[in-house]
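A.B. asks: Right, I'll just put the structure down here and ask away after.
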Amino acid sequence: MFEGVEKISVTNDWITLIFLGVLILIAIIQFNFSERFSKLFSLVYSEKYYTDYIKTRPLIFNWFHVIFFFIIIFNISLYIYFALNAFSTPEVQGQFYFYFPILIMTLGYFILRYFIGFILGNIFELEEGQNYFTFLKMSNLALVSILIFPLLILTNYSVGFFHKFLITFGIVVSLAIALFRYFVLIKNEKLSFNNLFYLFLYLCALELAPFIVLYKLFVE
């Protein structure tokens, strides 16, 4: 008399937990580094943040960057997840097992990127310039991670055309900031090469090599 009806339920509770974790990390940053956190937003219109903290020691491995590193990893991996999820099959949408490899690959990219930069910096005798470049990238990614966090929350609860619009908007803004970062780097001549061609090769090796390694490990 009664026929069983298959019920498929998808929960995004794990995304809410990640949002909560990011909020806690932001609160820790705000409480312990309130002045530096406030000055970070000045990167939108000036380079004063760089000059104020370029002499910080340690420049890269300090608690401000360590905490922000996890905020960056969670936010970027979530954004990639939302972008891929928008074009994936319904069977994997909203599933943690679809997000977890993205999280691992994002973490792996930044770890590989640092070690490749460290090796290249020693080969080309550009240790100081490489440290500044890493500081520059870390600072900009920290700013972007804070700015896109509200966008991530909106994206998670949006649907249809607005959902894809938010994803596209975030990608465009992120690419614009990335291009601006390289412009500042070249303008300040922190990586000194004889010509722009070698600088271009250096940056390509620095940014693309981690992608190639991860592709070999996870895809092939």
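A.B. asks: Of the residues K164, K190, K137, which is at pLDDT below 80 and either buried (at least 16 other Cβ atoms within 10 Å of the Cβ) or farther than 19 Å from E47 by Cβ (or both)? It would help to see each step written out before you state the result.
C.D. replies: Working: K164 fails: at pLDDT below 80; K137 fails: at pLDDT below 80.
Just one listed residue meets the conditions, K190.
Conditions tested, residue by residue: (1) exposed (fewer than 13 other Cβ atoms within 10 Å of the Cβ); (2) among the aromatic types (F, W, Y); (3) free of Cβ contacts under 8 Å to residues at least 40 places away in the same chain.
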site: I15; (1), (2), (3): no, no, no
site: F19; (1), (2), (3): no, yes, no
site: S42; (1), (2), (3): no, no, yes
site: E47; (1), (2), (3): no, no, no
site: I54; (1), (2), (3): no, no, no
site: N62; (1), (2), (3): no, no, yes
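A.B. asks: To continue, here is another question. Scan region 91-102 and give yes if some residue there is over 19 Å from I177 (Cα atoms), without any contact (Cβ under 8 Å) to a residue 24 or more places away in the chain and surrounded by 14 or more Cβ atoms within 10 Å (Cβ to Cβ), otherwise no.
C.D. replies: Scanning region 91-102 turns up at least one residue that is over 19 Å from I177 (Cα atoms), without any contact (Cβ under 8 Å) to a residue 24 or more places away in the chain and surrounded by 14 or more Cβ atoms within 10 Å (Cβ to Cβ).
The values are calculated or read from the model by the stated rules, or taken from the named source; none is laboratory data. Bear in mind that the values here come from a model prediction, so they are computed numbers and not experimental data. Glycine also receives a Cβ, built like all others from the backbone with ideal geometry; neighbour counts cover every protein chain displayed.
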